[in-house]
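Visitor: Just passing along the structure, written as structure tokens.
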Amino acid sequence: MILGVFGGSGLYDIDGLVEERAEEISTPFGAPSGPLVSGRVGDARLLFVARHGRGHRFSPSEINYRANVFALKAAGATRVLSVSAVGSLREGMRPGDFVVVDQFIDKTWGRGATFFGDGVVGHVSFADPTCPAFGAAVMAAAGAAGFVEAPAEARRAASPADGTRRFHRGGTYVCMEGPQFSTRAESQLHRSWGADVIGMTAATEAKLCREAELCFSALALVTDYDGWHAEEAAVTARAVVEVLRANVAGAQEIVRRLPASLASVAACGCARAAAHAILTAPGAIRPDALQRLRALHGRDL
């Protein structure tokens, strides 16, 4: 089993991770955000990419998402977990909670979000952007790590910060371009849409993983209440980092336990997600485009 993980550079400081090494990778889409860090937990091999680079050098709009996903695919990953900080749009999704996201509203506009184009036309289904079977394994790992599932009704009502480590089953993630945080008006608009959390990265990763036929799940770490909450301070980068640091240990523990949960995961169709997606006739595809896509869609090309 080879599991890919997107997150911060501190995410791969996991107890029990052995044979750790870092490798510089080149891809047809340019350089990834940083070296591909690999290690083993039991019989599973884990591959990590720090999406913002070492030292947090790339803004959400500057990340080379295509290279990051391609690097994991080329290294043999079959599943990818995206771990990222988010703002909460719901009273009961409080800072410190985790959300296993299952839907996206993508508002991004300035980034490479497809492997197709440049002479190749392809369309994949994206109605259900995350893998339910993989998401169930993530939730099982969260339970094994000591997290308690919050009841569905809890996201609508405030609850005291009693120290309970909680995760929420499902949620809609608004992906904004950034790097600025939301205005209060935007935050209220997103709430009116029925969305639950807001971030700047995971939807792009989900789209590319679907095109690359990688099983995808997203673990969102709530750090703040975005801009809508009248009784909470407006979100700042400093506040996000403070809560995120407190959450990292929990995310590390979930990742450490995830291979064991995946051992009994139900079969899914993610590995065939792009079957018949390419509409361009093979003879009309330029050789350079064929070379770029062969590692992703060689079966259909």
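Visitor: Quick one: which of 45-56, 72-83 comes out on top by average Cβ neighbours within 10 Å, and what's the full order, highest first?
Guide: Per-residue mean Cβ counts within 10 Å order the peptides as 72-83, 45-56.
Visitor: Taking amide H atoms as placed 1.01 Å from N in the peptide plane, list the residues 5 or more away in sequence, or in a different chain, whose amide H sits under 5 Å from that of GLY171.
Guide: ASP102, GLN103
Visitor: Moving to a separate point now. Counting helices only, and only those DSSP H runs with n ≥ 4, report the 222 nm mean residue ellipticity of the chain as the sum of -39,500 (n - 2.57) divided by its residues, in deg cm²/dmol to the nearest 500. Please list the in-between numbers first.
Guide: Working: 6 runs with 79 residues, N = 301.
Only helices count here, giving -8500 deg cm²/dmol.
Visitor: How do PHE6, PHE104 rank when sorted from fewest to most other Cβ atoms within 10 Å of their own Cβ?
Guide: The fewest-first ordering by Cβ neighbours comes to PHE104, PHE6.
Visitor: Against the longest alpha carbon principal axis of the chain, how many degrees, from 0 to 90 and to the nearest 10, is the axis of helix 287-297 turned?
Guide: 50 degrees
Visitor: Taking neighbour Cβ counts within 10 Å as the exposure measure, how do ARG90, ARG257, ARG286 sort from fewest upward?
Guide: ARG286, ARG257, ARG90
Visitor: If amide hydrogens are placed 1.01 Å from N in the peptide plane, which non-local residues have theirs closer than 5 Å to the one on PHE147?
Guide: Counting only residues 5 or more places away or on other chains, the set is empty.
Visitor: Something else: Would you work out which of ALA289, ALA144, GLY117 lies farthest towards the positive end of the dipole of the chain? Charges go on Cβ: Lys and Arg +1, Asp and Glu -1.
Guide: Of the options given, the answer is ALA289.
Visitor: Give me the percent relative contact order of the chain, please, defined on Cα pairs under 8 angstrom at least 6 residues apart.
Guide: 26 percent
Visitor: For the chain, take the longest principal axis of its alpha carbons; what is the angle in degrees between that and the long axis of helix 202-211, to the nearest 10 within 0 to 90?
Guide: For 202-211 against the chain, the angle is about 30 degrees.
Visitor: I would also like to ask the following. Within a 10 angstrom radius of the beta carbon, how do CYS131, CYS270 rank from fewest other beta carbons to most?
Guide: By the 10 Å Cβ count, ascending, the order reads CYS270, CYS131.
Visitor: Taking the Cα atoms only, what angle lies between the long axis of helix 237-262 and the longest principal axis of the chain, rounded to 10 degrees?
Guide: With both axes taken from Cα atoms, the answer is about 60 degrees.
FYI, it's all coordinate maths here, none of it is from the lab. Since the model is a prediction, treat every value here as computed from it, not as a measurement. In this analysis, Cβ positions are derived from the backbone assuming ideal geometry, glycine residues included, and neighbour counts consider all displayed protein chains.
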